[in-house]
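Just below is one structure, and these are the notes that go with it.
The values are calculated or read from the model by the stated rules, or taken from the named source; none is laboratory data. Everything numeric in this text was worked out from a predicted model, so none of it was measured. Cβ coordinates were reconstructed from backbone atoms using ideal geometry, including for glycine residues, and neighbour counts include every protein chain displayed.
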């Protein structure tokens with residue numbers, strides 16, 4: 001191979017590597033996900049999301065995006081759907097952070113349940129809601145009280161296995177060790 005050709009290929013390779021390295025920081029720097037603060041929302045969004053006003057600026061950006069999606073669809077909802085959304089926002093705003101975490105976990109589990117089982121659960125919930133308050137209270141009183149997951153101690157650790165002493169390097173391991181005389 002001619003020296004000028006080799007030098008040209010080498011130079012081309014170096015230039016290609018430099019271009020690749022120069023592009024790395026641009027590819028690595030992803031834009032930070034930001035969502036508008038409460039003061040940046042338009043009038044319709046503020047009206048729809050009013051139950052969340054007090055905490056809006058402390059909500060994580062990806063959760064704000066979800067709420068903004070709901071606000072954008074709000075005008076197309078029926079009056080019943082609008083009232084249900086407003087009630088759910090008010091209920092959500094009243095929950096403590098730990099209660100919200102538990103609700104999110106339950107939601108994730110429910111999403112994984114097969115449709116027939118989910119329908120059965122929905123029907124059971126509808127049946128429960130139709131019960132008189134006295135019957136609901138009786139069921140609550142008779143329910144097994146479980147401590148919150150954060151208060152349940154971790155399971156005990158298995159007993160430590162006994163370690164055998166190491167075998168000297170020049171000695172072959174045997175199935176049965178004989179005690180020294």
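Out of 76, 129, 140, 111, which single residue is out of contact with any helix residue (DSSP H, G or I) (no Cβ under 8 Å at 6 or more places or on another chain), on the phi < 0 side of the Ramachandran plot, exposed (fewer than 10 other Cβ atoms within 10 Å of the Cβ) and not in a helix (DSSP H, G or I)? Steps first, please.
On the way: 129 fails: not in a helix (DSSP H, G or I); 140 fails: not in a helix (DSSP H, G or I); 111 fails: not in a helix (DSSP H, G or I).
After ruling out the rest, the residue left standing is 76.
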Subset of the stretch 28-53 (residues that are at pLDDT below 90 and in a helix (DSSP H, G or I))
28
May I ask you to list the residues in the stretch 41-52 that are without any contact (Cβ under 8 Å) to a residue 24 or more places away in the chain and either touching a helix residue (DSSP H, G or I) at 6+ places or on another chain (Cβ under 6 Å) or loosely packed, with under 11 Cβ neighbours inside 10 Å (or both)?
42, 43
